[in-house]
Every structure is written in structure tokens, then in C-alpha cells.
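Step one of this worksheet: look at the structure below.
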């Protein structure tokens, strides 16, 4: 198993040269483009290979976690009043569809929807809201989870486009907190630091439909979350990822990806299986090049597509 | 089993009053809004209930069939040069994204993509191209399959918006036939007549990944087709259908739906299972109201979601 | 002359019932929909009729004044680096065209352009920037000019859409001040209070190409300003106003309009003539119904169109 | 006078190297990029300089002529039911704003509006409709006027984008003829051949408000036509042309421009003055580089702006 993983990782690592590390904030630009690591885990065992000790930020991967936790607090019906779950061909930071009054964000995987979701996390202050996510992660991962303050500061200093989105949301009644509160919450969430094993554990929680020995979340919420991952989790390649890979997955510009295998087997691992990947060289839409390559090969070899 | 089906159908039939029969062409407007019928089939057995003898036209359901057959002929790589597989939040007949030169249609489930696909079917004339689909259906269904000429004529007489789409496609190099050829092919395909049992057999072919005793199509094409159904098969409710039902499905404005169950069981039926539904009272986005209601209840009861 | 004005005003006043007072902020909603007053002035004489003592806020009328003063300070070349002078069919508060990075606002008559212009007024604080406009008006009108604080507060409390615009401008590099600074400046400018005679004097300054005994501004700037009034001064009816009236004019949602007659005669008045109008009942695009009616009749009677 | 013209033309000719001849059809690509000719005419005299014998096609210059003649036939009220007169920031061949049902074209200077106008010309066949324009031109110019068949054929062979526009117009009820009829009419109109002196005579007809010894057209129609030239006559630089030149003008991709001087004087010429220009090297928005340069210099020197 470890050997297989090693082989697949090293093959996929060769594709990192086709990607580039995100540079819109300095903190991301410092990542090593040649890094690539993967962790596969089922309930019993875990296999990891690559630069597995590297810490990186969740970035957009957190969007599906915060949606799940906000839905756990408010219920799906109330969530749907604030954010739709429809895919859109627009770019992740688009404002266009928000313009006409009373248009809710199309889904929680684009920035607009994620900012709305951030504003709906329980608690009054950004610290409270972020604590909801940190506590969930610490309980799940059984370790201390922290925010990378340098990344957060970088993000915060170049957040004007997101502030514009937040003001439109507020003007249209789709923000449950002040603009600064929502923006600080959202950007702190993006800056949460994890390892690739942590990603795999998070993915496993989705694969298990939210039924973990330490935390339980309503399976209906998990199904919506995984549908969002499949239909809009991989930026503007979500459709192609669904068609040619076929797993619920969520990526971030840090090069992080979580992918969810509900049933099936990978050698000695038996579904539900969680997969965490980290390869900071990303393609033009924002997905880890090596990560997508690895998943495509893995799914083909073990017939893991949901279709 | 038959009793269960009867009960579920009659419960869902009550929701038909929330929908309206499509009226944009006279031929569709004649349908009976109170009709609702369902057929479930696995490899061995078939259960149907409702107005199961009624013939109706495939409308947009044919889009996924013609995509599959065109891909079978050209291969997925060449198909991807002509049409993307990304969902879009735009309406099914939108032109907007085609405007800038060299933009291929976002996916084959919107009219633009479906017209491109129609133009790519093997054969020179519309008759030849349509024959590809008719022959596939006749082989699969072991019956004669015909085009409803009255519906086709109606569609043809109000096809100017689709002709506009086709001319943009042609101008941008995404049409493999003349405009009239492509339009006639596309509209004849939409006017193919079937029963609800036929729909179930078609759905089963997708559920079996294209491995039927009489016809075989590459499983990779079937996976792409099913991904398209899940991400964009139910018009502008595709995201919500994925989230709250979670099956690959394709609807048409005639009130037809096919839904695909890869694995799982419905009483004595064992996956792969094909589901055909016909309820001409459609909601504001174009999906059969009773059909969606039925599938939601069925999936919940038997835990059939892919997620 | 006075009799003629009286007659024309009373005829146009009848059209006020076709309009409605703006209600998006309480301060505007308090205006009397039946009010309508006009002032015509050339270098020597002035004729006014109607509720000529009523004070009202400039609203969007100020946009052409602040553009002129910012251009006086920076020069037209630098202004053009920050804001284009092209008309757009979009609504006044649209964000759409700003979205792609590095797109400057289409013109200074839409909110986006006006906020950019507000940020470019000389001075550091909103108070300094607003003082530039107040000083210009006080010098021109030879009276004290103030801001209606109640209106300003109302506007400020519902400025989230404008804040969104300002953050996009800032993100794209088209703001020369902080967002709050620009918004406060812009909204204070909109809340400057005048009478209909003041409007006529302001219009005369444009008619005289900026050559007044107390203030002189480069004629090239005045020409650009008047071109902006003609191509985009009357919201989304600017084209129809140019076609059927044919005078440079700028309207505001308070019901204020300034219109500029460069040459020609109205009875004993000789061009350059400035026209001020105030009729708070506005049409669906935001222009005073009676004001537009009056100008159409006047221009026809005295053949005043620039075309 | 002739010397002055010579000097201004030669100065402006130097700017032709900043432009490029249109290449989207072969017939236009054959033009000599170094050509530049101008003709100025008032009621009594005419001065021309440059390659004044060269024949070229009207292209979009015809749009304002066919609008005027269709309005002469139908009246302005009926015209306004079919086409608005509002400028738009979209490109000349945009479809976007037509998409929603019942949206009429924004103005007759963009292709959509011009195709609607072409369909409204009196007569049943394209030949009849085109004859309306040819007869007008022959009466005005006192010479035979013909269509460049080679250019027409070129245009016709690459008209798919325009056909798409026409089909949308037809679907929305804004076409008064069949699609092929309207397209053939429109493209033949674009292919009418003239010289630069002809352009000057046409411009003079607009300057005289349609009151010519041989033809009379209602002045109200002329005013609307000139407003359209000023607000949308120079493609996506119309606003800048209004701001920095300030004359009603209409350009075509052949490098033709007509410009209208209602009052004022150019040496011994007295307004009304018509100006024809031909310089096939066009800028990125479609206007003759030398033509715009010449008009800017002329207007500045003789203070001819309407503002």
C-alpha cells in the first residue's frame, strides 16, 4: 500500500511543473512548487507520503466545512434562504449575479456564498464564529488547530474585492453580521493551518456522512455538502472533475484538496475513505495540478467514481 | 412492490396541481396535467404504474442520449473540443456566453451545446443523424421508435431563438453541419416519442454503464454523461436536485425524467436500476413537479443518493 | 416673458401626476409631488415661477459639477486615466462593468464614476473635498451654501451598494482616497441644498463655457462636461432626451434638472441661457416628469436643440 | 481655403500609420492604408483634397441614412416601437441585451438596430428596400449610385453573427421582414459605393436639417438622427468623440466618416457645412484614425463643437 502510494505520488509530482504557486498574497507565494503529498485514511488505517509535515492553509477548502457547521446550527431550510446550492459558470469572485436586488449567492463555494455562510456561523464576534470551526477541527483531529496570522494579515490587506461582495450582500439582506465581522471571519477561516493528514481526516468525516465517534452531524447536511463539492467544489473545472474523476472534492488556492470516497476499496483500505492532498503548484483555475492528476489515476485504477 | 409504487405515485400525483403543462408549442399544451406515471426496472424485472400507455416526446431528455452517441462516434477528446462539460447558472436557452468569439458551449445539456452535439451525430442529412439515435433506441427498446411529426412541426415553427444560437455557433466554428441541418436534427430528436417504460430502459442503460447485451458503449463516456446529468440535468434546479435527491437525472419540458441508480436496492429490485417518470405538469424551471417529488421520496426511503 | 413661463410651468405641472417622489430615503419622500418650479437666466436677467423658495438637494446634478472641478484641478488627461467618458446602457448604480480588473468607470455620471471623481477632489478629508464644491458654489451664487444633514444621514445609512462600488474601484486602483472618505464626500455632495434659481445660475456657468466674472474654468473642460450631460446626463433616458430635446442637461432623483442653452433666444433672453428646474415627481428612470415635459415644449417652441 | 485643407489633410495623414485597414472581409483589406481624403461643402461651394476619386463602401455610415428614411416612411413614434435611441457601452455586434424576450435593440447604430431598421424600409424584397436608399442618394447626389457586389458577396459570406442577431430580433418580434431579406438588405446597404464628395453632400443634408432643394425630410427626424450620431455614431469612442470633438458624426469600418456642422464658419464656408472623410486605416474601435485627428484639429481651430 505504502509503495503504491509512493509510486502514484511520484508520478503525479512530475506534473507540478505545469502549475504555479499562487502569488496574490506573499504568504502563499513562499510555498515550494515541487511539494506534493497525499494521505489516504479509512476508519482504521492511514497512509501518507510526501512532505507530510508541511503546514499549509485551508483556503477555499474551509468553505464546505463552514457551510456544514452553519447548516448544523441553522438547519438546511434557513440556510437555503440565504444561499442557493446551484452551480454557476462565473468565476469564484464574481459579483455579477448579486447585483439585482434580492439575489442570493448562487452557492457557498463561491466567495459571495462563503462570506454569507461565514456571517451565519454561531457567535457574535469573528473570534466566536471562527471558534466554531476551530473547535470542530480540534475535536475531529484531536490536536490544537491555529490560524496562520501572517497569511491572514496578507489576505486582510488585499480584501477589497471581497469587501465589495460583502457590501452587496449586506445591501441585499444576505449578511447576518457586519461587513468587517464577516470579512474577518471569512479570511481567518481561510487561514486555518493543517497538514495533509488533517485533510484526510476531514475528508473521512464527509465520507462517513458526519457519523464520527466524537462528532455527529445530520447526514442530510453532509449530502448537501458533498453535492456542493461535486457540482462546484473544483472552481471552474468542477464539471470536468465530476466527469473525469467523479468524486466529491474541494480545492483551495494553497494547493489543498479533500476528496471523499463513500464506498469502494483502495487495496487494504475500505470505504468510507478520506483523501487529503497538498500540492501548491496550481493550474489556471486554482486546483493543485498534481492533486487532480493523482485523483484521476487513483479513481481510474480503483473504479471509485460515484457514477 | 407494485403496491408501494402505486402508493408513492398517488402521493406524488397530488403535487401536479403545483405545476403547469408547457404551452410554448401547441403539441405540448394538449397533455393532461393530472397524468403521472413511473416505471422502475432492473436487469430482470420491471414495475410500472400510472398512465403507462401514454406516448410523449423526449424533449431535453434526448440531450444526454445524443451526447453519448456523438461521443461514441468521435471520442471524448474530440467532443471536448466542441463542447465543455461545465455547469452554468444561465438559463437553458442563453446566448450570452457564446458571444465572445471562440467560446464553446458550456455543456451539452443547454440548447447551445445540444445543437452542437446534434450537428456532430454521424451522417450527412438530418435524417441520417436522427437515424443514429432512432436505431440506438430501437435496438435498446426492441420496438419501433418514431418522431411525433406534429410536435416537430410546432417546434420547427417557433425555432428562431434556437436558430440564433446555431448561427453564433457556426460563426464561432462550433457547428459540424449547416444551421438548418443542425436545427432540424435537434428538433426531430426532441420530438422522438416514447412511453414511461421506454424511459426506464434508457435509464437502465446509463445505470449499467453502457454494458447491455445488445449494445455496448465505453464506460468512460457513460460516466461523463452521468456527471452531466448530475451537474446540469435538471435545468436551473440541477444543484438543488443533486443536493436533495442525489441521482444523475435528465428532465424535459414534456414532463419526462430519467433517473439512474447505480447501486442500492428498491425492495426486490437490485441496482443497477433505471427509473422513468412522466408528469407533464412542470415547475417554473421546467421539471415535472410530481417526478421530482417522487424521486425525493424514493431516494430518502431507500437511501439511494450517490453522496 | 413671466406670463409665458407661468403658462408653460402650469401646463407641465399637470404631468406631475405621472411621476412619483423618490422614496429610497425618507428625506426625499417628504417632498411635495405637486411642486414644480423653473428659473431661466441669461447674463442680465432672470425669470422664475413656481415654488421658487423651496430648498432641495442636488443629488446627481452635483456629478457634473464635481467632475468639472476635479478636472480643473487634475487636467483632463489625468481625469481620463481614472474615468472614461463613454455612455453605457447599464443602470446608474451598476457594478457589472467594473468587475474585470483594471476597468475604469464608464463615465462620471454613473455612481461608480462619480465616486471616483469625489475621491479626486482636492483636499485630504471629506470636509476638504466637499469644501472645494461648496466654495465654487458660494462664489458663483454669492450666498452661503450648506449640506442638508438629514438627507446626508439618510443617504449614509443606506449606502451599502455604493460602498460595494467603492471597494471594487479601490481594488482596481480607481480611487484616490479611502472608501469611507470617498463615500462620505460623494454623499455630502449629493446632499448640497439649493433653490431653482441656484440651479439656473449653475446651468448658466456651463452655458457660458466656464467664463464667469467671478470664476473661470478652461472651456475644454466645460465642453467635456456638457458632452457628458448630453450623452449620459438624464439616466437611462439620456438618448431619448438628446433625440427629442437636444440640450446638455443633468438630472437628480430629488427632481432637480439643469439644462444648458449655448445660443438662441427665449423671448427677451439671449443665449447663453441657464435653466434650472425642480419637480420632485420623477419617472421610472429618475427624471422629473414635469421638468422633461417643460424642456421638450420650450426647445420646440424656440428651436433650442443643439442639433 | 484649399491650401488650409491640404495642410490639415497632410498633417492628419501622418497618423494613418497608427491604424490598420479592416481585414474581416477581403474586399476591405485591399484598401490603401495611406489614403486620406476630405471634402468640405456648404450650400454654395465645395473643397476637397486627397485621393478624392477613390470609391469606397459606406459600411456603418449607411445606418443613419437608412434610419432617417425608415423614419420618414413610418414616423418616429412607430420607429421607437421597434428600436430605442439609447447609447450602450456594448460592442457594435453585441447580442447580450437582446436576449430577454421583448427587448428592442438599444439604438439603430449597432448592428441589431440597423438590421431592424433595414427590415422596416419600404418595399417587399431586398431590392425594393435597398432601392429606397439608392433613390434617395441618387436624387441627392445627382449621379448613379451602385452597390459594390464583391464587397456585398464578401459580407454575405461571413454574416453568421448578423444572422444570429436577426433571428433573435425575429423571435422577439422586432423584424418587419424575413431574416434573409433583412440580412441581404442590410449588407447591400453597407456595400453602397461613394466618394468623399458624396459623403460631404450627405453630411450637408443632415446639416441642413433635411431641407434640400430636391428632397425634404421632417426636421424632427433629422434631429433624432443627429442625436444618434452624437451619442452613438463613432462606435465605442462615441463618448470621447462627443467630448473632444463635439460634432454629430457617423463612421464605418471602411474608413468613411460623415460629420455635420450646423452653424459656424470654416474660412469662406458658412454653416450649414457637410464634411466627408475617407481614411481606411482605422483604430481598434473602428474609426478612421486620420479622420478623427482631422476633425479634432478642425473643430478646435474653428470652434465648431455643438457644446
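Checked against (1) more than 19 Å from residue D:253 (Cα to Cα); (2) away from chain C (no Cβ under 14 Å), residue D:160 passes all but condition (1).
Being at pLDDT below 95, away from every other protein chain (no Cβ under 12 Å) and surrounded by fewer than 16 Cβ atoms within 10 Å (Cβ to Cβ) holds for only one residue in A:18, A:3, and it is A:3. Residues of segment C:263-286 include none that is at the interface with chain D (Cβ under 10 Å from one of its Cβ atoms), surrounded by 21 or more Cβ atoms within 10 Å (Cβ to Cβ), part of a loop (DSSP other than H, G, I, E, B) and at pLDDT 95 or above.
Residues in segment D:226-233 include none that are in contact with a helix residue (DSSP H, G or I) (Cβ under 8 Å, 6 or more places away or on another chain) and on the phi > 0 side of the Ramachandran plot.
Is one or more of the residues making up segment B:26-38 under 30 Å from residue A:242 (Cβ atoms) and either over 21 Å from the mean Cα position of the chain (by Cα) or outside the structural domain of residue B:294 (by TED's automatic domain parsing) (or both)? Within segment B:26-38, none of the residues are under 30 Å from residue A:242 (Cβ atoms) and either over 21 Å from the mean Cα position of the chain (by Cα) or outside the structural domain of residue B:294 (by TED's automatic domain parsing) (or both).
Within segment B:213-238, restricting attention to residues that are without any contact (Cβ under 8 Å) to a residue 60 or more places away in the chain and buried (at least 24 other Cβ atoms within 10 Å of the Cβ), the residue that is farthest from the other protein chains (Cβ to nearest Cβ) is B:234.
Among the residues of segment A:73-85, the one identified as touching a helix residue (DSSP H, G or I) at 6+ places or on another chain (Cβ under 7 Å), within 19 Å of residue A:123 (Cβ to Cβ) and part of a loop (DSSP other than H, G, I, E, B) is A:83.
Among the residues of this structure, residue D:150 counts as one that is assigned to a helix (DSSP H, G or I), farther than 30 Å from residue D:96 by Cβ and over 18 Å from the mean Cα position of the chain (by Cα). Among residues of segment B:290-307 that are within 14 Å of another protein chain (Cβ to nearest Cβ) and on the phi > 0 side of the Ramachandran plot, those with a Cβ under 8 angstrom from a residue that is in a loop (DSSP other than H, G, I, E, B) and at pLDDT 95 or above, sequence gap 6+ or separate chain, pair up as B:303/B:264. Residues of segment B:241-248 include at least one that is within 17 Å of residue B:15 (Cβ to Cβ), surrounded by 23 or more Cβ atoms within 10 Å (Cβ to Cβ) and at pLDDT 95 or above. Evaluated against (1) in a loop (DSSP other than H, G, I, E, B); (2) within 13 Å of chain D (Cβ to nearest Cβ), residue C:253 falls short on exactly one condition, (2).
Reported count of residues in segment A:92-144, each being crowded, with 19+ Cβ neighbours inside 10 Å, over 22 Å from residue B:231 (Cα atoms) and either touching a strand residue (DSSP E or B) at 6+ places or on another chain (Cβ under 9 Å) or not assigned by TED's automatic domain parsing to the domain that holds residue A:160 (or both), is 3.
For (1) in contact with a strand residue (DSSP E or B) (Cβ under 6 Å, 6 or more places away or on another chain); (2) under 16 Å from residue C:93 (Cβ atoms), each residue gets a yes or a no:
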position	(1), (2)
C:183	no, yes
C:194	no, no
C:200	yes, no
C:216	no, no
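Every residue, every condition in (1) under 30 Å from residue A:118 (Cα atoms); (2) outside any loop (DSSP other than H, G, I, E, B), yes or no:
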residue: A:3; (1), (2): no, yes
residue: A:11; (1), (2): no, yes
residue: A:17; (1), (2): no, yes
residue: A:40; (1), (2): yes, yes
residue: A:47; (1), (2): no, yes
residue: A:71; (1), (2): yes, yes
residue: A:87; (1), (2): yes, no
residue: A:93; (1), (2): yes, no
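Would a scan of segment B:23-45 turn up a residue that is in contact with a helix residue (DSSP H, G or I) (Cβ under 8 Å, 6 or more places away or on another chain) and free of Cβ contacts under 8 Å to residues at least 24 places away in the same chain? For segment B:23-45, residues in contact with a helix residue (DSSP H, G or I) (Cβ under 8 Å, 6 or more places away or on another chain) and free of Cβ contacts under 8 Å to residues at least 24 places away in the same chain: present. Residues in segment C:168-178 that are surrounded by fewer than 23 Cβ atoms within 10 Å (Cβ to Cβ) and under 13 Å from residue A:166 (Cβ atoms): 1 in all. Among the residues of segment D:52-85, the ones that are in contact (Cβ under 8 Å) with a residue 60 or more places away in the chain, within 14 Å of another protein chain (Cβ to nearest Cβ) and either more than 26 Å from residue D:22 (Cβ to Cβ) or more than 18 Å from the chain's Cα centre (by Cα) (or both) come to 3 in all. Of everything listed in (1) in contact with a helix residue (DSSP H, G or I) (Cβ under 8 Å, 6 or more places away or on another chain); (2) away from chain B (no Cβ under 13 Å); (3) outside any helix (DSSP H, G or I); (4) surrounded by fewer than 24 Cβ atoms within 10 Å (Cβ to Cβ), the single unmet condition for residue A:258 is (4). When each of D:192, D:183 is tested for being crowded, with 18+ Cβ neighbours inside 10 Å, modelled with pLDDT of 95 or more, at negative phi and away from every other protein chain (no Cβ under 11 Å), the lone residue that passes is D:192. Taking every residue in segment B:90-101 that is at the interface with chain D (Cβ under 9 Å from one of its Cβ atoms) and pairing it with any residue that is at pLDDT below 75, at least 6 positions away or on another chain, the pairs with Cβ-Cβ distances below 8 Å are B:94/D:99; B:95/D:96; B:95/D:99; B:96/D:96; B:96/D:99; B:99/D:96.
The values are calculated or read from the model by the stated rules, or taken from the named source; none is laboratory data. Worth saying up front: this structure is predicted, and the values here are computed from it rather than measured. All Cβ positions, even for glycine, are placed from backbone atoms using ideal geometry, and neighbour counts span all protein chains on display.
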